[in-house]
Amino acid sequence: MNPFIQEITDRLAERSRASRGAYLARLDAEARTARERGPARGHLGCANLAHGFAAAGRDKPDLMANVKPGVAIVSSYNDMLSAHQPYETYPPILKAAVRAAGGVAQFAGGVPAMCDGITQGRAGMELSLYSREVIAMSTAIALSHDMFDAGLMLGVCDKIVPGLLIGALHFGHLPAVFVPAGPMTSGLPNKVKARTRQLFAEGKVGREELLDAESRSYHSPGTCTFYGTANSNQVMIEVMGLHLPGSTFVNPRTELREALTKAAGRRAVEITVHGDEYTPVGRVVDEKAIVNACVALLATGGSTNHTMHLVAIAAAAGIELLWDDLAALSKVVPLLTRMYPNGQADVNHFQAAGGMQVLIGDLLDAGLLHADVLTVAGHGLDHYRSAPVLKDGGDGELLWEERTEGSTDPDVLRPVSEAFSPDGGIHMLDGNLGRAVSKVSAVKPEHLVVEAPAKVFDDQLELLRAFEAGELDGQDFVAVIRYQGPSANGMPELHKLTPPLAVLLDRGQRVAIVTDGRMSGASGKVPAAIHLSPEAAHGGPIALVRDGDPIRLDSAAGTLELLVPAEELAARTPQGAPLTDARWVGTGRELFAAFRRTAGPAERGAGIFALNGHAESLEAGA
């Protein structure tokens, strides 16, 4: 094991000792009770239980008999979003697989799944980050009936997977197998799509041409194929041992995809507390698994959104992950992949080059991943060196074969010895403006350092209007977009700013972004310091910036500085203000006002939930 990564893991464990200990004590107590009582539904009163199986049809006798373990299906299915549409057919497949394995499955509940691709630049995006908390609570509601001994979690995109996992971790004594749907097949090359967006921003093509390009890119059921937040989710979940090995990037509507779905159902039954391979999700997601997820994110140049999601996921397991941990890991984890927006390949090309099995194997061999972990496939991450295959064609038995060859495409996936970069694709920034995140994997080396005057905006639409009016032409600047944090307006992604700023970058201007908001997982070409904390709405220094102030963004060195004398800054008062409740209305935003008032800072996960186990550890200490 790399000694530096071991040191970071040990620090994380020590920092989390009290809260994690309290969390595990509760988990173990619930597991003991579950083992003594038999299937969970057995301790329900007769009236309670009768409600639970009244509509169960052929499964009613098994639910009444209280011998077979119960498995909850929690799904993000909807038929508007391509990533989640394949889940329409999963419940009957999973129910049959669970039944064949000696269990009984019920569809326990659905969770919302909004699409950031649809809501970009619109009011709905201001609900996006909050939806993670709603999904976590919806998952808890689905599992709250005390009918279940395991869960099958169906989700893919942005906030959906983190929300499902946060919810599941609050039922940490239950096993949870995450069931992916897979990416759509490759469509219009990402380079062509990005170029069309820029041409549209310049007014050189119209809406018809743009819509044609977008529809040829996003063209069928399955996850979008670029390496944004959705596919970063999938990589991390497999590295954490919550997917079956090799199931992440298998396309929908294939024989292998269906075989893996069936296998997930069977596995959920095998790892309940009533079997010989008890695998509670709260034990799977430990300090080593969290570090493994961080390493995978950095090694693949994944989405910056996970600098918040991973903190929130860890907190749900009683683990106190800090940005300092990510910053330290980034210094020793090399960049091993090039997927759009960090390159021209998509996740299907990554899969064809060797995919997760080659990535995990290389990181294990280099001592950059913890091998000694619990997973839904069994003990040890070495299980994830193997890829699933169907013996004798599509109708054959599902087997896992260890992949011994390396990457077949070094332009997409490389071993540690030939890394694209010696450090990770995400850097943490510090300076007198606060702490921020910078995705460097897609930024050209000559753009990693930008020093230019500030142009301050309190709304992304103001910047877009300035671009359209030609007010940004022919000059270097750092665009400061403030009052975009979790407490101001829900911390929307500002990906809509990427095409116009990329146009200016291509014209030779030096431009960058500094914001307390987010950028999409698909962003990256334009140098940016995002998730700035403290945010403007909490009196962060970004509220003191004035037009013309020189700012230096150095993503290579990890610094972000407002080059204004300290005494001058001390004399300033904040400018601008977040929207009031009276103005933050429409598209249902008024329903989430309480979230704005309780959301934590970006570096603490930007959520509304406390560190799990913290209150219990304090009480025990008292």
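The values are calculated or read from the model by the stated rules, or taken from the named source; none is laboratory data. Just so you know, these numbers come straight off a predicted model, no measurement behind them. Cβ coordinates were reconstructed from backbone atoms using ideal geometry, including for glycine residues, and neighbour counts include every protein chain displayed. The area values use the complete protein model at the heavy-atom level, side chains included, leaving out ligands, DNA and RNA. Shrake-Rupley method; radii C 1.70, N 1.55, O 1.52, S 1.80 Å.
A probe of 1.4 angstrom, applied to the heavy atoms of all protein chains, finds Cys115 with accessible area near 40 square angstrom. DSSP finds beta bridges in region 425-575, and of those with both partners inside it, around 55 percent are antiparallel. Residue by residue, region 99-104 carries 3J(HN,Hα) couplings of 4, 5, 8, x, x, 9 Hz when phi is fed to the Karplus relation 6.51 cos²θ - 1.76 cosθ + 1.60 (θ = phi - 60°); x denotes Gly or Pro. Across the accessible surface of region 56-123, with the other protein chains kept in place and a 1.4 Å probe, carbon and sulfur atoms take up 58 percent.
Within the same chain, aspartates and glutamates fewer than 8 places from Lys262 are excluded, and of the rest, those with a Cα less than 15 Å from its Cα are Glu88, Glu270, Asp395, Glu397.
Here the peptides 29-40, 182-193 are ranked by packing, the mean other Cβ count within 10 Å, and the order with the highest first is 182-193, 29-40. I need the fraction of alpha carbon pairs in region 243-311 separated by more than 13 Å, rounded to a whole percent. Of all Cα-Cα distances in region 243-311, 74 percent exceed 13 Å.
In terms of solvent-accessible area of protein heavy atoms at a 1.4 angstrom probe, what is the ranking of Leu24, Leu429, highest value first? Before the final figure, lay out each step's value.
Values: Leu24 30, Leu429 0 Å².
The ordering from most to least exposed comes out as Leu24, Leu429.
Using the structure shown, list the pairs from Lys159/Lys288; Lys331/Lys496; Lys204/Lys496; Lys159/Lys191; Lys288/Lys439 with a Cα-Cα distance above 20 Å, or answer none. Let's see the in-between values first.
Details: Lys159/Lys288 23 Å; Lys331/Lys496 30 Å; Lys204/Lys496 17 Å; Lys159/Lys191 26 Å; Lys288/Lys439 24 Å.
Going by Cα-Cα distance, Lys159/Lys288; Lys331/Lys496; Lys159/Lys191; Lys288/Lys439 fall outside the 20 Å limit.
For Val67, neighbours were defined as the other residues whose beta-carbon sits under 14 Å from its Cβ, and their charges (Lys and Arg +1, Asp and Glu -1) total +2. Listed values for region 195-201 are Karplus-derived 3J(HN,Hα) couplings in whole Hz (6.51 cos²θ - 1.76 cosθ + 1.60, θ = phi - 60°), namely 5, 5, 4, 5, 4, 5, 4, and x replaces Gly and Pro. Couplings for region 552-565, taken from phi via the Karplus curve 6.51 cos²θ - 1.76 cosθ + 1.60 with θ = phi - 60°, read 10, 10, 10, 5, 6, 7, x, 10, 9, 10, 8, 8, 10, x Hz in order; Gly and Pro are left as x.
Identify the residues of region 491-525 with backbone N under 19 Å of a label point that sits 7 angstrom from the Cα of Arg546 along the Cα-to-Cβ direction, or state none. Hits in region 491-525 for Arg546 at 19 Å: none. The local environment of Asp149, defined by Cβ-Cβ distances under 11 Å, has a net charge of +3 under the rule Lys, Arg +1 and Asp, Glu -1.
Sorting 526-539, 468-481 by average packing, meaning the other beta carbons within 10 Å per residue, from highest down gives 526-539, 468-481.
Magnitude of the charge dipole for the chain, about its Cα centre and with charges confined to Cβ atoms of Lys, Arg (+1) and Asp, Glu (-1), is about 1080 debye.
What are the trypsin sites (Lys or Arg not before Pro) within region 461-518 that DSSP puts in a loop, where the Cβ has at most 14 other Cβ atoms within 10 Å? In loop regions of region 461-518 (DSSP not H, G, I, E or B), the sparsely surrounded trypsin sites (Lys or Arg not before Pro) are Arg507.
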